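Note sheet for the following structure.
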Amino acid sequence: MIKTYLLSFFKNQKHMKKFFLPVLFILTSFFSFHNALAQVDSVPVVRTYHIGIFAPLYLDSVFNDGDKFRYKQGMPRFIMPGIDFVNGVQIALDSVKLPNQNVNAFIYDTKSYLSPVDQLIKAGKLDSLQLIIGSVKDIEYRQLAEFALAKNIPFISATYPNDGGVTGNPFLVLVNSTLKAHCEAIYSYILQNHGTDRILLIRKKGVQEDKVAGYFKMINEPDRKPLINIQTIYADSSFSSETLKKRLDSNRQSVIIGASLDEYFATNLTAACYDLRQSYPIILVGMPNWDAFKSLAKKDQFEDFPIYFTSPYYNNKWDDFSKLLTAGYAKKYKGKPSDMVFKGFEAAYLFTKLLTTYSNDMMNHINDKDFKVFSDYNFMPVFLKKENTQPDYFENKHLYFIRLFNGSTTKAW
């Protein structure tokens, strides 16, 4: 049996029923608890697990002191990622099968004024948890990571693509891979498939761009000698196809790394490559956030020109889990699930099954494939310093190469 609780300052307003009332439910996933009590002799001991789900719901912010909903135009966009994540979690817990086991899932609003994460920790409100699943970042991320380490319980960071400066924490699991891991995956692909081609890393000035260029330099020069020739080009506001053309060879394949997370840069670079596509063989590889750029996703914007990027998530939405989620979401919320709904569903289903199956040593089984939902994961220990004896955290190193082509995405490699 699964019980789910919303632990925050809950406002009972009609505007919120569509999104939050489903959180307060009791599910029977395999057997009737009352029937089990009547058959004590024939039913084994039932074990109860406690899971904490953390997401920014902003419930205290969307109501005023008079319990009135602040936003007359409907739900504000800034709260939707957290709501969608929790909605996906609910549908997962509604569908998971747990014979002879109970799960109490507690949903915490990390942006609650009355019960912030640090106060919950200080008051011992989280001490019973055996697993933390979070769509969190910044201070709440660090607070939960410190708590998980202190209590020796897994903390699954489901959506934040950053280690947040956390070190020495073998209970932290990053599902959404860091930027460094993406650079490693891109480099590995180029080394294996295009090592003799012309490799151009095109960037603009900026802190993030310095990081990206630094990652490629570190990976390419493990002994201070480059393994492959990567030319770095700075692109300013005057960058165009004519600028790029001077660095290309019409008789040679060119692999261009778009080394910036800026949308204007990505659009400008793609346009330059698009203009030259007929005369110069070009493979354009962007950064992981390029999938969210609307300027690249327009169907007719860069017709018949593929753009590649890496992602830890891939879901063609033809599988049984996707159909179950889509149908469940349509029934509960009368709409189509967003990517955050899918991420919430996957995190809750996968790691609840792992916890209840391997309760005593879940961390040793986080790469088991028996409970795969949508994506393949490969969680590897990360040692930020060679002399470290325990992992600083575990990170998903399995990244898909995704092709964006005529407005649609498919798995490339």
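Values in this text are rule-based calculations from the coordinates and carry no lab data. None of these values were measured; they are calculated from a predicted model. Glycine also receives a Cβ, built like all others from the backbone with ideal geometry; neighbour counts cover every protein chain displayed.
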- Taking only Cα atoms, what is the 0 to 90° angle, nearest 10, from helix 179-193's long axis to the longest principal axis of the chain? 50
- Mind listing P(r) for segment 177-285? All alpha-carbon pairs, 10 Å bins, whole percents. 14, 49, 33, 4
- Query: Out of Glu209, Glu387, Glu346, any idea which swings most in a Gaussian network model of the chain, alpha carbons joined below 10 Å?
  - Reply: Glu387
- Query: How high is the FRET efficiency from Gln208 to Gln231, r the C-beta distance, R0 22 Å, rounded to 0.05?
  - Reply: 0.65
- Message: Can you return the aspartates and glutamates within cross-link range of Lys332? Criterion is Cα-Cα under 13 Å, with same-chain partners fewer than 8 residues away left out.
- Response: Asp84, Asp94
- Query: How far is helix 138-151 tilted off the main Cα axis of the chain, in degrees rounded to 10, range 0 to 90?
  - Reply: 60
- To the nearest 500 deg cm²/dmol, what mean residue ellipticity at 222 nm is calculated for the chain from DSSP H runs of n ≥ 4 alone, each contributing -39,500 (n - 2.57), summed and divided by the residues? -9500 deg cm²/dmol
- May I ask you to evaluate 6.51 cos²θ - 1.76 cosθ + 1.60, the Karplus curve with θ = phi - 60°, for each residue of segment 405-413 and list the ³J(HN,Hα) values in order in whole Hz, giving x for glycine and proline? 9, 6, x, 10, 10, 9, 6, 9, 9
- Item | Given (1) 378; (2) 228; (3) 170, the label whose value is volume of the Cα convex hull per residue in Å³ derived from this model | (3)
- Query: Using the Cα gyration tensor of segment 66-142, with a ≥ b ≥ c the square roots of its eigenvalues, what is the shape: rounded (a/c below 1.5), prolate (a/b larger than b/c) or oblate (neither)?
  - Reply: oblate
- Message: Please list 3J(HN,Hα) in residue order for segment 164-169, calculated via the Karplus relation 6.51 cos²θ - 1.76 cosθ + 1.60 where θ = phi - 60°; whole Hz, with x for glycine and proline.
- Response: x, x, 6, 9, x, 10
- Note on the structure: Between Asp249 and Arg142, Cβ-based FRET efficiency (R0 51 Å, step 0.05) works out to 0.60
- Pulled fully out, how much extra length does the chain show between Met380 and Ala292, if you take 0.36 nm times their separation in residues and subtract their Cα-Cα distance? 29.0 nm
- Message: Amide H of Phe106 versus every other amide H placed in the peptide plane: which residues, excluding those fewer than 5 positions away on the same chain, fall under 5 Å?
- Response: Tyr5, Ile51, Gly52, Ile53
- Message: Cut-off 10 angstrom, C-alpha nodes, Gaussian network model of the chain. Which of Tyr333, Tyr314, Tyr160 fluctuates the most?
- Response: Tyr333
- Which residues' amide hydrogens lie under 5 Å from the amide hydrogen of Gly286, considering only partners 5 or more residues apart or on another chain, with H built in the peptide plane? Gly258, Tyr308, Phe309
- Query: Helix 320-333 sits at what angle to the longest principal axis of the chain, using alpha carbons and giving 0 to 90 degrees rounded to 10?
  - Reply: 60
- Message: For the pairs Lys180/Lys217; Lys246/Lys298; Lys137/Lys205; Lys122/Lys151; Lys180/Lys336, flag any whose C-alpha to C-alpha distance is greater than 21 Å.
- Response: Lys246/Lys298; Lys137/Lys205; Lys180/Lys336
- What residue among Ala235, Ala123, Ala105 shows peak mean-square fluctuation when the chain is described by a Gaussian network model with Cα springs under 10 Å? Ala123
